[in-house]
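Any read-out appearing in this document is the output of simple, stated calculations on the displayed coordinates, not a laboratory observation. Owing to the predicted nature of the structure, the values given are computational and were not obtained by experimental measurement. As a convention, Cβ positions derive from the backbone with ideal geometry for all residues, glycine included, and neighbour counts pool all protein chains shown.
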Amino acid sequence: MKDLKEKTVRAGFVKIWSQAGMFLLRMGSLMVLARLLEPKDFGLVAMVTVVTGVFGLFQDAGLSLATVQRATITEEQISTLFWVNVLVGTALCFLSLALAPILVSFYHEPRLFWLTLVSAAGFIVKAVGVQHGALLQRQMRFTALAFIEILSYFVGSVVGIGMALAGCGYWSLLGLAVAPTATSTVCVWLAVPWVPGRPHRGAEVRSMIGFGGQVISNSVIGYFSSNLDKVLLGRYWGSEALGIYGRAYQFISIPRENLDSAAGMVALAALSRLQDDHDRFKSYFLKGYNLVLALVVPTAVVSALFADEIVLVVLGPAWKDAAVLLRLLTPTVLIFGLINPLRWLLWAIGRGGRCLRIALVLALLVTISYAVGLRYGPKGVAFAYSAVMTLWFIPHMIWSVRNTMVSLGDLFRVARRPLVSSLVAGVLGFGVVFIFGRSLPALGRLVLGGGVLIAIYLWMLLFVMKQKAFYWDLARGMLKRPADPGQGPAPV
């Protein structure tokens, strides 16, 4: 493990840059499709994906994370897990087929039938690539993973936009969702020259399946709590209201999901190898936490201050009602940035049960917020959701770090630097736009305000908060040549 630091730093930077590329791809395709399609098209597809997405959580069965987290693993175990994934994917495909008429009846929308049937095939396609992707992550081959992820979404964007230009309407959004899955599965098989053998009863995978069960339970509860709002809005306020709310929610979820994916994948792979070295574990975790917050906090501030400009530039005037929803949802960007990394800590030290209990409490709280806000429409739901998350995040942090090697004081000391830097930068950036940029078009205001904000934020963070040495050390670690590349195809 002597070169674990260099591998982790390089992997982290690869994932961050790849997620930046993914962000640009997703926002670019959204900009194009928002101008080619209507809000009700987005809402119609969301009625399907918000429900079938629950099934998507099960197709991994938590076994990719089990493969990564395991200290040692055999070929027989991976082969057995592969066939478990295929079995689960097939079962989910048939469950989706059975769900199609139920969705039609629930939403009173017959077009959902064929949308659901076509999307069901994706479960089998993805299932056959789960363990190959997990092997890439276990070997810390994050450059290959990043390339596959970007290529897959690029193919999806081309397919989706091409279908929209051809007049396929809402079907283009399904093409955007399905094409990356097929591309990714093909690519991970090409990247990992491993062919699964037959399943083995004596492969001792029961504990791994149990770990996967905890992961899946946590994911299902999290998915439920973050998507019930869309189900309710679609049912009671219609596809157009859901389409507008969904685009605003997408603005706040894309940066969060990209960063969580980038940092979480690398962090779990590294931290799982340091479970018995508490000092190094704590140091690695807090450095990762520092890096994530340094990226999340200014994103939240920009979204809050320039919501109108963002919506006008990215989506266009037809979506102006999404701006107030974006502003109301912005606090959750910061809050999830503070609490999501705590899952790395708990999963890496085997505290999956605590993760599950925290997720259950959070799901109950946000469900209550949706019920309270629903009568007031999308604005009411967005406000109630943000209010509950604001009240919850400190108890969440206290519960997560209890009896671990990381304290609440450690988290706040790390968070203080990007929070103060962003506050100062936000005030000055907004002030510059208010004084000099009110006559500029939306793009001009966004470039001026965002540019000033980011410049001041970097100056504050690097020099006033004395973080220059920390980031310089990360840069040197990224550039240092590894002692052992460890890129071989062996699965163990």
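What FRET efficiency comes out for the pair Ile454/Ile394, r = Cβ-Cβ distance, R0 = 25 Å, nearest 0.05?
The formula returns an efficiency of 0.35 here.
Using a 7 Å offset from the Cα along the Cα-to-Cβ direction at both Met31 and Arg198, what is the distance between the two label points in nm, to one decimal?
Each label point lies 7 Å from its Cα, and together they span 5.5 nm.
Could you compute the FRET efficiency for Arg416 and Ala318, with r as their C-beta to C-beta distance and R0 at 51 Å, rounded to 0.05?
Between Arg416 and Ala318 the formula returns 0.80.
First select every other residue whose beta carbon is under 14 angstrom from the beta carbon of Ile252; then total the charges, Lys and Arg +1, Asp and Glu -1.
+2
At 0.36 nm per residue, and after removing the present C-alpha to C-alpha distance, how many nm does the segment from Arg438 to Leu24 gain when stretched out fully?
Gain on extension, Arg438 to Leu24, equals 146.4 nm.
Roughly speaking, what is the stretch gain from Met405 to Tyr236, that is 0.36 nm per residue apart minus the C-alpha to C-alpha distance, in nm to one decimal?
Working: separation 169, 0.36 × 169 = 60.84 nm, distance 4.63 nm.
So the extension gain works out to 56.2 nm.
Once you sort the root eigenvalues of the Cα gyration tensor of the stretch 326-468 as a ≥ b ≥ c, which label holds: rounded (a/c under 1.5), prolate (a/b larger than b/c) or oblate (the other case)?
Numbers: a/c = 3.31, a/b = 1.34, b/c = 2.48.
Oblate.
What's the local net charge at Val464, with K and R +1, D and E -1, over the other residues with C-beta under 14 Å away?
Working: positive: Arg416, Arg417, Lys466, Lys468; negative: none.
Summing Lys/Arg as +1 and Asp/Glu as -1 gives +4.
Within 10 Å of each candidate Cβ there may be at most 14 other Cβ atoms; applying that plus a DSSP loop requirement, which trypsin sites (Lys or Arg not before Pro) in the stretch 307-347 survive?
Those satisfying the criteria are Lys320.
Taking θ as phi - 60°, what are the ³J(HN,Hα) couplings along the stretch 235-242 by the Karplus curve (6.51, -1.76, 1.60), each to the nearest whole Hz, with x for Gly and Pro?
6, 9, 10, x, 5, 5, 4, 5
Determine, from the Cβ-Cβ distance of Arg280 and Leu151 and an R0 of 41 Å, the FRET efficiency 1/(1 + (r/R0)^6), rounded to the nearest 0.05. Don't jump to the answer; show the numbers that get you there.
Numbers: r = 34 Å, r/R0 = 0.84.
The formula returns an efficiency of 0.75 here.
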